[in-house]
Amino acid sequence: MLKVEQLTVSYGDRTILNNVSFELMTGEWLMIVGPNGAGKSTLINAITGSVAAKGRVFFEGKDVRTMKARELSRGVGVLSQSHYMGYAFTVEEVVRLGRYAYAPTIFSRHSGEEQAVRAALEKTGLYEQRRQSVLTLSGGELQRTFLAQTFAQDPKLLLLDEPTNHLDLVYQKQVFELIRDWLKQKDRAVISVVHDLSLARAYGTRAMLLDKGQVVVDGTMSKVFSDDVLNRVYHMDVRDWMTQMLAQWKET
């Protein structure tokens, strides 16, 4: 579905992303992990063209730089870690924006829009709140609203940049399980940037570890999350630390 060839992003003399290459197949949920400053979010932005980058990105065999915005939006959806809303749109209005790529003009509607919007609202548990102003939503509800917008967009590939950052445990669980259910549909794939290694292991089918803008290892969960690799990148005994944290929940 996706092929990335030697993506490189530089700001002046500083290289943020250095010759990153990988492929993504349908049905995969690729977890991109690594310490702060590894280049994880930059990679997502480079794939979508949000930042200038050297290298090439192909979606279903097409160079994304040659694709029109509407065509790319029908195939690729992006959910970032935070959103700012300065206008009192309703939940339904925000979700409906996910269908712009299918309308003849930005202000027109089309056949199937109502069904897609309602399905997205129901899937994310927001149908009863559809007429509520987004300015009154909690952080978790707002993130689910933008997830619903992405579902209404009906892409084949989801790019998620820390989708549950700053959300409490309930919303983390809800968002990741919604995405896992979405992935069960035909011709779907997901790439997520995550800091929480436990979430990555629980939901990912494959992982890629970045450090200082380069791919350290890309492969199965057991390969990427091996002790020697993680300890070398994070400069600590990761397994020991995670075990200590989980031990706090054992009955005494």
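Here are the numbers for this structure:
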quantity	calculated
Helices (runs of 4 or more DSSP H) fully within segment 25-100 counting 1 or more residues that are closer than 22 Å to residue 206 by Cβ	40-48, 69-75
Residue that is modelled with the highest pLDDT, among those in segment 79-115 that are of a type in the set (A, V, I, L, M, F, W, C) and more than 10 Å from residue 149 (Cα to Cα)	89
Single match in 233, 229, 175 (criterion: touching a helix residue (DSSP H, G or I) at 6+ places or on another chain (Cβ under 7 Å) and either part of a helix (DSSP H, G or I) or surrounded by fewer than 16 Cβ atoms within 10 Å (Cβ to Cβ) (or both))	175
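The values are calculated or read from the model by the stated rules, or taken from the named source; none is laboratory data. Since this is a predicted model, take the numbers as computed values, not measurements. Don't worry about glycine lacking a Cβ; one is built from the backbone with ideal geometry, like all the others, and counts go over all protein chains shown.
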